[in-house]
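Worksheet for the structure shown next.
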Amino acid sequence: MLQITDLHATVADKPILKGLSLQINAGEVHAIMGPNGAGKSTTGYVLGGRPGYEVTGGSVTFNGQDLLELEPHERAAAGLFLGFQYPVEIPGVSFVQFLREAANAQRKGRGEEPLSGGEFLKLAREKAGLLKMDMDMLKRPVNVGFSGGEKKRAEMVQMGILDPKLAILDETDSGLDIDALRVVGDGINTIMRKPDKAVLLITHYQRLLDTVTPDFVHVLAGGRIVRTGGPELALQLEEEGYEAVAA
Ligand code: ADP
Ligand code: MG
Ligand code: MG
């Protein structure tokens, strides 16, 4: 599904990714762990096509397509979802409006007709129900006054509606209490643990991996993958630290 080969990228002319290679197949959950400043978020931003993150070498294919050739909205239409640590607040726009626009932008990118209001509400209700989110919450302005857990539940509903092939979640577990962490873990399992989907979890800590068991754990250090293992590698990192394990 995703093939990253010898990826090099710079931020503000500073080389950050220095030969990152990674293959993710459908049905797999991968975790990238690593010390602060290793280039974890940079990896997510490069895959999402964020301006300012310049690819200077290597290639990325997504379901056979050259991902790096695509605009960010085209990547979303192709089935890529990016979740980030700090959800934005959008006063004056309800979550329902926001989600409907996101869903229809994705459909437009695929050459599909937009959903009618009724069709969209049916879809939103189904996904909200699946994730145990109260529809009334979705009528409120995007993330304004939401608790950490509510923001995450809303993000999971968004992911459910967009129904991506590949979800890349960068430190989506950071700063969450146990209940919110469970929401995220259950959400990922409910929406993304399917044979035709894949997940890339970028995380500093292993606790989310107690709920979402990864098939592969990678250690990113110095802009490249320095070690790959199974779920036990995350536990070992937690116990022994990055220096001991990644050196
Ligand atoms: P991680 O997510 O693993 O903590 P990042 O990918 O955020 O690491 O950052 C990797 C490196 O890139 C760090 O040294 C960071 O200071 C640098 N960096 C990230 N964003 C910028 C930026 N916008 N301008 C300059 N340097 C940046
Ligand atoms: Mg960081
Ligand atoms: Mg980061």
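Going through region 21-38 one residue at a time, which ones are within 25 Å of residue 197 (Cβ to Cβ), in contact (Cβ under 8 Å) with a residue 24 or more places away in the chain and either within 16 Å of ligand 2 (Cβ to nearest atom) or of a type in the set (S, T, N, Q) (or both)?
Residues satisfying the conditions are 21, 25, 31, 32, 33, 34.
Does region 132-145 include one or more residues that are surrounded by 15 or more Cβ atoms within 10 Å (Cβ to Cβ), among the basic types (Lys, Arg), over 27 Å from residue 49 (Cβ atoms) and out of contact with any Lys or Arg (no Cβ under 8 Å at 6 or more places or on another chain)? Yes; the residues of region 132-145 include at least one that is surrounded by 15 or more Cβ atoms within 10 Å (Cβ to Cβ), among the basic types (Lys, Arg), over 27 Å from residue 49 (Cβ atoms) and out of contact with any Lys or Arg (no Cβ under 8 Å at 6 or more places or on another chain).
Residues in region 200-213 that are in contact with an Asp or Glu (Cβ under 8 Å, 6 or more places away or on another chain) and either farther than 17 Å from residue 3 by Cα or of a type in the set (Lys, Arg) (or both) were compared, and the one that is nearest to ligand 2 (Cβ to nearest atom) is 204.
Checking each residue in region 166-199 for being surrounded by 17 or more Cβ atoms within 10 Å (Cβ to Cβ), modelled with pLDDT of 90 or more and more than 16 Å from ligand 2 (Cβ to nearest atom) picks out 166, 167, 185, 186, 187, 188, 191, 192, 197, 198, 199.
From the list 53, 45, the lone residue that is within 16 Å of ligand 2 (Cβ to nearest atom) and over 27 Å from residue 185 (Cβ atoms) is 53. Filtering region 58-79 for residues that are under 22 Å from residue 171 (Cβ atoms) and within 16 Å of ligand 2 (Cβ to nearest atom) leaves an empty set. There is no residue in region 136-150 that is touching a residue at least 24 places away in the same chain (Cβ under 8 Å), in a loop (DSSP other than H, G, I, E, B) and within 16 Å of ligand 2 (Cβ to nearest atom).
Looking only at residues in region 1-20 that are in contact with a Ser or Thr (Cβ under 7 Å, 6 or more places away or on another chain) and under 17 Å from residue 166 (Cα atoms), the one that is farthest from ligand 2 (Cβ to nearest atom) is 3. Could you list all residues from region 121-135 that are closer than 17 Å to residue 97 by Cβ and touching a residue at least 24 places away in the same chain (Cβ under 8 Å)? Across region 121-135, the qualifying residues are 121, 123, 124, 127, 128, 133.
Among the residues of region 105-123, the one identified as polar (S, T, N, Q) and part of a helix (DSSP H, G or I) is 106.
So for region 196-209 (the condition being on the phi > 0 side of the Ramachandran plot and not basic (Lys, Arg)), does at least one residue qualify? No, every residue in region 196-209 fails to be on the phi > 0 side of the Ramachandran plot and not basic (Lys, Arg).
For (1) in contact with a His (Cβ under 9 Å, 6 or more places away or on another chain); (2) under 25 Å from residue 127 (Cα atoms); (3) at pLDDT 95 or above; (4) within 16 Å of ligand 1 (Cβ to nearest atom), each residue gets a yes or a no:
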| site | (1), (2), (3), (4) |
| --- | --- |
| 4 | no, no, yes, yes |
| 11 | no, no, yes, yes |
| 14 | no, no, yes, yes |
| 41 | no, no, no, yes |
| 54 | no, no, yes, yes |
| 89 | no, yes, no, no |
| 92 | no, yes, no, no |
| 96 | no, yes, no, no |
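The values are calculated or read from the model by the stated rules, or taken from the named source; none is laboratory data. Only a predicted model underlies this, so the values are computations on that prediction, with no experimental measurement involved. Here Cβ is always computed from backbone atoms with ideal geometry, including for glycine, and neighbour counts include all displayed protein chains.
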